Amino acid sequence: VQLQASGGGLVQPGGSLRLSCVASERIYRFRAMGWFRQAPGKERELVASITGTGRTNYADSVKGRFTIDRDNAENTVDLQMNSLKPEDTAVYYCNAAIASQRLPWGQGTLVTVSS
């Protein structure tokens, strides 16, 4: 399975972006899908996840600002990001949220929040 993330870009603080991840195969077999991010000099972190039944979980740093959703029929997982802050600047990746199901990391999509 290949995962292709897109939708990143440069946005001002307070702005919004919607990231999209398309899988080359069915994602329903993954118990949970997630969006991760890695800022320069920092470890990759899980910021949002969603199970096959639609149960979501968010990192405290993005709770109330980010929304994850998935479409099993279209094999997509999206991340709506609102009220963006400079500290949200990172390369964003999608992947299986559970480590044992993790796929090779793709290139990700760069999000830069700056005025």
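Leaving out ligands, DNA and RNA, and with a 1.4 Å probe, what % of the accessible surface on the chain is carbon or sulfur?
It is 45 percent, rounded to a whole number.
Convert each backbone phi in the stretch 100-109 into a coupling constant with the Karplus relation 6.51 cos²θ - 1.76 cosθ + 1.60 (shift: θ = phi - 60°), then list the ³J(HN,Hα) values in order as whole Hz, x for Gly and Pro.
5, 9, 4, 9, x, 5, x, 7, x, 9
³J(HN,Hα) across the stretch 19-26 via Karplus (A = 6.51, B = -1.76, C = 1.60, θ = phi - 60°), whole Hz, x for Gly/Pro?
Each residue of the stretch 19-26 in turn: 9, 10, 10, 10, 9, 6, 9, 4 Hz.
With the Cα gyration tensor of the chain in hand, convert its eigenvalues to equivalent ellipsoid semi-axes via √(5λ) and list them largest first in whole Å.
22, 14, 13
Which whole-number value in Å² is the accessible area per residue of the chain, probe 1.4 Å?
Using a 1.4 Å probe on heavy atoms only, each residue of the chain averages 54 Å².
Provide the per-residue ³J(HN,Hα) series for the stretch 5-18, in order, calculated from phi with Karplus coefficients 6.51, -1.76, 1.60 and θ = phi - 60°, each as a whole number of Hz, with x at glycine and proline positions.
Going residue by residue, I get 9, 8, x, x, x, 9, 9, 7, x, x, x, 10, 9, 10 Hz, with x marking Gly and Pro.
Between Q80 and Q4, what length in nm is gained on full extension when 0.36 nm per residue of separation is reduced by their alpha carbon distance?
Additional length available on full extension: 25.7 nm.
Roughly what % of Cα-Cα distances in the stretch 18-62 sit above 13 Å, to the whole percent?
Counting pairs separated by more than 13 Å, the tail of P(r) holds 63 percent.
The values are calculated or read from the model by the stated rules, or taken from the named source; none is laboratory data. Just so we're clear, the structure is a prediction, and the values are computed from it rather than from any experiment. Side chains are part of the model used for accessible areas, which takes the heavy atoms of the whole protein and leaves out ligands, DNA and RNA. Shrake-Rupley method; radii C 1.70, N 1.55, O 1.52, S 1.80 Å.
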